[in-house]
Each structure stands twice: as structure tokens, then as C-alpha cells.
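Below: one structure, written as C-alpha cells.
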Amino acid sequence: MTPAPGKIVCVGRNYADHAAELGNDVPAEPLIFLKPPSALVADGEPIRVPPDAGRVDYEGEIGLVIGNRCRRVAESEAWSHVSGVVALNDVTARDLQRSDGQWTRSKGFDTFCPVGNVVDASAVLPERLTVTTRVNGEVRQRADASQMVFSPRHLVSFISHVMTLEAGDLIATGTPEGVGPVSPGDVVEVALSCGSAVRNPVEGGDTLAPDR
Ligand code: MG
């Protein structure tokens, strides 16, 4: 079942190699932004490239599903508030991200948040998770959570000190080195070592997802 979050909280520049590949420094604190839930699509549904959006990139990420309402959670308690782990693709219109400054449009198009099957978080050690992204079957990104600047537990704690997290909310923990563009006809897959995966064809045409 696809998660139905009230909000999707994303983390930028959380792997040093990825920050460097786009010419950015690693932030001193987690850099967070929001994606709208209307961007969600499930495994197999198309990612739609908007016309005139310029370069559109995949960003394979480890996604966390919040299990219960929480705020000001200590890092040592953080994982007990995570109920699920999902493969997530933080699809990004890279040219618009640069030209807008604010990231809402570039990250917020319909279909720009594919999310895979939910794996029970209680069976997962977050530090051991590995994320792999493939385009047309070819590996483009591979990293494990130990390479993150801020760990999954730290991120849950940090974000919960900014905003109340509700059951079902999603956290996207950032993408590693190796981002790149996709075009209509490509197939992108993000897979986690815990068994969650999401695979989506890239299509052109109408950017608004079909009503559901
Ligand atoms: Mg991202």
C-alpha cells in the first residue's frame, strides 16, 4: 500500500559527495524542505516530465514513514517513532531549482515523488540501509546510510523539533552522488537493501496526474 502522508519532509545535501557534485557545501544543520503529497505515485506509475521544465533528475533516497504523532523526540528514541522504510525518488526539475531559488516548483510537480512498498522499520537497522538507483537497468547511484552527513535517527529528531510529525508523514533523507537526467522512454528504479523498491517509466505529456 502506498503511504498517504499529510506532509513529505525532505532533506537536501545530506551526502558530502552529492553536495560537491552540484557545487554546494555540506550544511551545518540539516537543510529541510517540503514536497506536496500530490506529487506521490506508486510503483509502476509514470513520472511525467513537464514541457519546458528543462533538465529533470532522479534522486534515489531512503524514505521513512512516521508511525505515531510526535514532537521534540530525542535522537535515542527517534527510531521508535518510525514505522516503515520505503524506497523514494525525489524527482527534481534541476534547471528550475537553480533559477527559482525556492524549491517548491522544481520538487513539487505531480508524479515527482514515487514511493515503494513499506518495509517494517522494527526489522531494520537504519545505519545499515543501502540505496541503489538504476536507469534502464544500469546502476547510477549506490550508497549506504553510514555515508549520510546526518543519520536517519538525527533527522527524525531534528525535524520533530521544528514541526509535529504525524502518523503517515514521510521523511526523504537525501540523495547520494550520481544524480542525472531522465527523459521520456527511460525507466528509473530506486531499491533499498531492506526490500523496498519503486520502478517507474518516464513519460512526457500531461504533467497533472490522473484523478484518483
Ligand atoms: Mg533529494
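Worth pointing out:
- For segment 147-167, the candidate set comprises residues that are among the small types (G, A, S) and open to solvent by 20 Å² or more (accessible area, probe 1.4 Å); within that set, the residue that is nearest to the chain's Cα centre (by Cα) is S151.
- Checked against the criterion of being touching an Asp or Glu at 6+ places or on another chain (Cβ under 7 Å), farther than 21 Å from S38 by Cβ, surrounded by 14 or more Cβ atoms within 10 Å (Cβ to Cβ) and of a type outside the set (D, E), segment 117-129 contains one or more residues that satisfy it.
- One residue stands out among those in segment 175-200 that are among the aliphatic types (A, V, I, L, M) and part of a strand (DSSP E or B): the one that is surrounded by the fewest Cβ atoms within 10 Å (Cβ to Cβ), which is V187.
- The sole residue among D100, D144, D95 that is under 21 Å from A197 (Cα atoms) and open to solvent by 30 Å² or more (accessible area, probe 1.4 Å) is D144.
- Taking the numbered list (1) at pLDDT 95 or above; (2) at positive phi; (3) not aliphatic (A, V, I, L, M) in turn, S83 passes all entries but (2).
- Checked against (1) modelled with pLDDT of 95 or more; (2) crowded, with 20+ Cβ neighbours inside 10 Å; (3) within 16 Å of the ligand (Cβ to nearest atom), I32 passes all but a single condition, namely (2).
- Selection status of S106, in contact with a strand residue (DSSP E or B) (Cβ under 7 Å, 6 or more places away or on another chain) and open to solvent by less than 10 Å² (accessible area, probe 1.4 Å): yes
- Residue, nearest to the ligand (Cβ to nearest atom), within segment 9-29, restricted to residues that are surrounded by 21 or more Cβ atoms within 10 Å (Cβ to Cβ) and among the hydrophobic types (A, V, I, L, M, F, W, C): C10
- Residues (out of contact with any helix residue (DSSP H, G or I) (no Cβ under 6 Å at 6 or more places or on another chain) and either at pLDDT 95 or above or surrounded by 19 or more Cβ atoms within 10 Å (Cβ to Cβ) (or both)) located in segment 47-61: I47, R48, V49, P50, V56, Y58, E59, G60, E61
- Applying the set (1) over 16 Å from R13 (Cβ atoms); (2) within 16 Å of the ligand (Cβ to nearest atom); (3) of a type outside the set (K, R); (4) open to solvent by less than 10 Å² (accessible area, probe 1.4 Å) to A172 leaves exactly one unmet item: (1).
- Test: residue in segment 62-73 that is within 30 Å of N136 (Cα to Cα), within 12 Å of the ligand (Cβ to nearest atom) and in a strand (DSSP E or B): yes
- When segment 66-85 is filtered for residues that are surrounded by fewer than 22 Cβ atoms within 10 Å (Cβ to Cβ) and β-branched (V, I, T), only V73 remains.
The values are calculated or read from the model by the stated rules, or taken from the named source; none is laboratory data. The structure displayed is predicted, hence computed values, not measured ones. Glycine also receives a Cβ, built like all others from the backbone with ideal geometry; neighbour counts cover every protein chain displayed. Heavy atoms of the whole protein, side chains included, go into the accessibility calculation; ligands, DNA and RNA do not. Shrake-Rupley method; radii C 1.70, N 1.55, O 1.52, S 1.80 Å.
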